[in-house]
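Worksheet for the structure shown next.
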Amino acid sequence: MPRPSLTPSASTGEAVRIRGLRVHNLKALDLEIPLNQLVVVVGVSGSGKSSLAHHTLYVEGQRRFNETLSPQLRQMLGTFPKPGADEISQLPPTITLRELSPREQNQATVGALTEINESLAVLFTRLGNMVCPECQSPIEPATPESVLKRIESWPEKCRYQIAFASSEPEDVWREAGFIRTIPLQQIYPDHEGSLVIVDRLTVGGSDQQRILESLETGFTQGEGELLLLREPDPQDDGLIEIDGRTWKLLSFSSLHSCPTCHMKLQPPHPQLFNPHSSYGKCDTCKGAGQLWSFDLRKLIPDESLTLKQGAVALTLEKGLERLRLRIEKLAQKSKIPVELPIHAWESDERQNFREVLVSFLTDELQSKARFQSERFREKWMQQAPCSTCAGTGYALTANAVRLLGLSYRDWQQLSISEVHDKLAQFDEELVSNFELVLAELKNRLQSLLELGLEELTLNRKCATLSSGERKLVQVASLLAVGLVNTLYILDEPSRGLHPEDQTLLLAQFQKLLEQGNSLLVVEHSDLFWKAADQLLELGPGPGTEGGELLYQGSFANILEANTPTSRTHCCASRAETISRRWSDQTTRRRDELSPALRPRNSCQCPHSCFWNQWEW
């Protein structure tokens, strides 16, 4: 005999329809979950809440999404099993939060988890200015348009030649169609090759299209390097002479190279600001920001011993006995007295041996598995910031780009509120060109600010956050995605949060609903119960005793239902009231208590509960 419906079903046009659901301990469940509402699933532990929310609705949503992909992609992403049910219809796309593994917590930062770093990297790529890491000179790659603008600033009818330098002989370029060539030694005495003239022009005597084509040819054939020979002004110095005429030589580069020290850097790219990518990680520390090196204090703890007596303590470990003989031979080649204790050596001998020892052990052991183990490193080595990237893990070019006067590392050290204020300094013209990127970035920052996380810095490791802060950061990253018509499935989002933080979280949930989304939340906090549009209670017990729909409706009517949640909530509320009144009058005698606290039936609910068994 079918079980009668507990509450009227929601409209099938605006609800997920489920019939005969048999996942885990769910017992042929029939229900309709309304969309565009906050639905909270309650019940004792093990009653089937996660089976309904995650193992059914989320898995089915992901399975349907995978079905839209090609077979090759489905093979790479894996498959989701189809939940056991007679019908699951009108299910929108689903999204959920998952717990970060300890390794992910150690690697992920607040900026990376919320994807703020990705938007920030785009701004650095498109709007950043490069500064040479060595001499701090500005690096501005030249383009045909920028060189043309420079030429147009010269006096009218000023003669100039567009050229490029090449290591190839003159005959090669003449065969390629470049008739006018000059030996490169006339300009650079130490260089061999040719100075190839692309075009000879006068200011104002040629159309812009011809000039741009000649400049483009010069950059292309010169591998990014262009030379201009211009008639000199009276105040010019450093002139050169070619075939009896003097010229002012001007060089331009389309490459990202320093005009002062000629250091060449990579062109900016969004992946350049990701230390975990092959493009953006430091070549020295491979993106770690830290380098391991042998600690001489750990290697040689007792300098009263000779090398034969095991002064190098590492050689006493099992499997490394032969290292002692090799180290002795190495010391003898360096003319170091191996038969004397180390403290008896001369200072130069001691310094020489330390350098030789560290270099030998690094080359000998770095390819072995034990060298990479955490135990070996903690016992014999020390960790120090990488000198190449200053401990940031970023490539050299990433540290050379500036945005609003700050490097990417400086931005990572700013708090959420400081980053938000910094973005207001952009020029309005730039904002119009990158409106979408800035809007996305501000949206993610605003989500963090509204959740009370304004003091967190972008480079803060997730492993250093409290469980509540980490949960809020994850929720902020989820809320800022900007999806619509999506079913958000969350498992205890209030866990580890203060009631005030829970209120902020509910305000964000309300925004999701206003955007046309739906929320299904597994939650034990009565604050979420009261805010829910509808409650779903599963039970009555855990495991095989659960899996039934006990109640579906509003929070206001749950007290009328005889369910574990209704009984617990009613009696817990009454207990809280009595406890508060009792604590207010603990200093008074029992016979002086107010009539409101004299013995009577304390609980007014219709259930047989603990408080109804006692007369107060």
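The values are calculated or read from the model by the stated rules, or taken from the named source; none is laboratory data. Quantities reported herein were computed from a predicted structural model and do not represent experimental measurements. Here the Cβ is made from the backbone with ideal geometry for all residues, glycine too, and neighbour counts use every protein chain on show. Remember, those area values only see protein heavy atoms, side chains included, never the ligands or the DNA or RNA. Shrake-Rupley method; radii C 1.70, N 1.55, O 1.52, S 1.80 Å.
Give me the residue from region 361-380 that is under 20 Å from LYS329 (Cβ atoms) and not charged (D, E, K, R) and, out of that set, surrounded by the most Cβ atoms within 10 Å (Cβ to Cβ).
Selected residue: LEU361.
The rows are residues; the columns are (1) open to solvent by 80 Å² or more (accessible area, probe 1.4 Å); (2) farther than 22 Å from SER257 by Cα.
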{"residue": "GLU145", "(1), (2)": "yes, no"}
{"residue": "LYS149", "(1), (2)": "yes, no"}
{"residue": "LYS157", "(1), (2)": "yes, yes"}
{"residue": "SER166", "(1), (2)": "no, no"}
{"residue": "PRO169", "(1), (2)": "no, yes"}
{"residue": "TRP173", "(1), (2)": "no, yes"}
{"residue": "ALA176", "(1), (2)": "no, yes"}
{"residue": "ILE179", "(1), (2)": "yes, yes"}
{"residue": "GLN185", "(1), (2)": "yes, yes"}
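In region 521-541, is there at least one residue being charged (D, E, K, R), modelled with pLDDT of 90 or more and touching a Gly at 6+ places or on another chain (Cβ under 8 Å)?
Yes; the residues of region 521-541 include at least one that is charged (D, E, K, R), modelled with pLDDT of 90 or more and touching a Gly at 6+ places or on another chain (Cβ under 8 Å).
Suppose the filter is more than 21 Å from ASN25 (Cβ to Cβ), surrounded by 13 or more Cβ atoms within 10 Å (Cβ to Cβ) and at pLDDT 80 or above; does ILE578 pass it? Please lay out each step first, then the result.
On the way: more than 21 Å from ASN25 (Cβ to Cβ): yes; surrounded by 13 or more Cβ atoms within 10 Å (Cβ to Cβ): yes; at pLDDT 80 or above: no.
Answer is no for this residue.
Among the candidates VAL338, VAL312, VAL358, which residue alone is at pLDDT below 80, among the hydrophobic types (A, V, I, L, M, F, W, C) and open to solvent by less than 70 Å² (accessible area, probe 1.4 Å)? Break it down stepwise before answering.
Working: VAL312 fails: at pLDDT below 80; VAL358 fails: at pLDDT below 80.
Checking each option against the conditions leaves just VAL338.
When residues of region 18-55 are filtered for being open to solvent by 20 Å² or more (accessible area, probe 1.4 Å) and either among the β-branched types (Val, Ile, Thr) or outside any loop (DSSP other than H, G, I, E, B) (or both), how many remain?
Step one: filter region 18-55 for residues open to solvent by 20 Å² or more (accessible area, probe 1.4 Å), giving 19, 22, 24-25, 27-28, 30, 35-37, 44-46, 50, 54-55.
After this cut, where a residue has to be either among the β-branched types (Val, Ile, Thr) or outside any loop (DSSP other than H, G, I, E, B) (or both) as well, the list is 19, 30, 44, 50, 54-55.
Number satisfying all stated conditions: 6.
Of the residues GLU455, GLU435, GLU450, only one is under 21 Å from GLY405 (Cα atoms), out of contact with any Gly (no Cβ under 6 Å at 6 or more places or on another chain) and without any contact (Cβ under 8 Å) to a residue 60 or more places away in the chain; which?
GLU435
If you scan region 490-535, which residues turn out to be assigned to a strand (DSSP E or B) and either open to solvent by 30 Å² or more (accessible area, probe 1.4 Å) or farther than 18 Å from SER45 by Cα (or both)?
ASP491, SER518, LEU519, GLN534
Among the candidates SER167, SER137, which residue alone is in contact with a Gly (Cβ under 6 Å, 6 or more places away or on another chain) and modelled with pLDDT under 90?
From the options SER167, SER137, the qualifying one is SER167.
Quick check on my filter: what residues within region 84-107 are outside any strand (DSSP E or B), at pLDDT 90 or above and under 28 Å from ASN443 (Cβ atoms)? Break it down into steps so the answer makes sense when it comes.
At the first step, the residues of region 84-107 found to be outside any strand (DSSP E or B) are 84-86, 90-93, 97-107.
Right, trim to at pLDDT 90 or above and you get 84-86, 90-93.
Across region 84-107, the qualifying residues are LEU91, PRO92, PRO93.
Working only within region 28-66, note down all residues that are in contact (Cβ under 8 Å) with a residue 60 or more places away in the chain and out of contact with any strand residue (DSSP E or B) (no Cβ under 8 Å at 6 or more places or on another chain).
Answer for region 28-66, where residues must be in contact (Cβ under 8 Å) with a residue 60 or more places away in the chain and out of contact with any strand residue (DSSP E or B) (no Cβ under 8 Å at 6 or more places or on another chain): SER45, GLY46, SER51.
Can you name the residue in region 464-489 that is open to solvent by 50 Å² or more (accessible area, probe 1.4 Å) and of a type in the set (Val, Ile, Thr) and is also farthest from GLN37 (Cα to Cα) among such residues?
THR464
Which count do you get for residues in region 250-265 that are in a loop (DSSP other than H, G, I, E, B), at pLDDT 85 or above and among the hydroxyl-bearing types (Ser, Thr, Tyr)?
1
From the list MET76, MET130, which one is open to solvent by 50 Å² or more (accessible area, probe 1.4 Å), over 29 Å from SER467 (Cβ atoms) and among the aliphatic types (A, V, I, L, M)? Before the answer, list the steps.
Numbers: MET130 fails: open to solvent by 50 Å² or more (accessible area, probe 1.4 Å).
Checking each option against the conditions leaves just MET76.
In region 439-457, what count of residues is obtained for those that are within 12 Å of LEU423 (Cα to Cα), open to solvent by 10 Å² or more (accessible area, probe 1.4 Å) and among the aliphatic types (A, V, I, L, M)?
The total comes to 1.
Given the conditions (1) touching a Leu at 6+ places or on another chain (Cβ under 6 Å); (2) within 30 Å of LEU330 (Cβ to Cβ), which single one is not true for ILE416?
It is condition (2) that ILE416 fails.
Test TYR394 against the criterion of being within 24 Å of the chain's Cα centre (by Cα), of a type in the set (Ser, Thr, Tyr) and at pLDDT 85 or above, and give yes or no.
Working: within 24 Å of the chain's Cα centre (by Cα): yes; of a type in the set (Ser, Thr, Tyr): yes; at pLDDT 85 or above: no.
Criteria not met by TYR394.
Taking the condition more than 14 Å from LEU478 (Cα to Cα), crowded, with 16+ Cβ neighbours inside 10 Å and either free of Cβ contacts under 8 Å to residues at least 60 places away in the same chain or within 20 Å of the chain's Cα centre (by Cα) (or both), does THR109 pass?
yes
Any residue in region 173-189 that's more than 16 Å from GLY244 (Cβ to Cβ): show its pairings with residues that are open to solvent by 80 Å² or more (accessible area, probe 1.4 Å) at Cβ separation under 6 Å, as long as the two are six or more apart or on different chains.
LEU184/HIS191
All but one of (1) surrounded by 12 or more Cβ atoms within 10 Å (Cβ to Cβ); (2) out of contact with any Gly (no Cβ under 9 Å at 6 or more places or on another chain); (3) without any contact (Cβ under 8 Å) to a residue 24 or more places away in the chain hold for GLN383, so report the exception by its number.
All conditions pass for GLN383, except number (3).
Any idea which of (1) in contact with a helix residue (DSSP H, G or I) (Cβ under 9 Å, 6 or more places away or on another chain); (2) under 30 Å from HIS269 (Cβ atoms); (3) of a type in the set (Gly, Ala, Ser) is the one GLY43 doesn't satisfy?
Only one criterion in (1) in contact with a helix residue (DSSP H, G or I) (Cβ under 9 Å, 6 or more places away or on another chain); (2) under 30 Å from HIS269 (Cβ atoms); (3) of a type in the set (Gly, Ala, Ser) is unmet by GLY43, namely (2).
Residues of region 204-234 being in contact with a Lys or Arg (Cβ under 8 Å, 6 or more places away or on another chain) and either open to solvent by less than 10 Å² (accessible area, probe 1.4 Å) or among the acidic types (Asp, Glu) (or both), which ones?
LEU229, GLU231, ASP233
Confirm whether TYR551 is touching an Asp or Glu at 6+ places or on another chain (Cβ under 8 Å), assigned to a strand (DSSP E or B) and at pLDDT 85 or above.
yes
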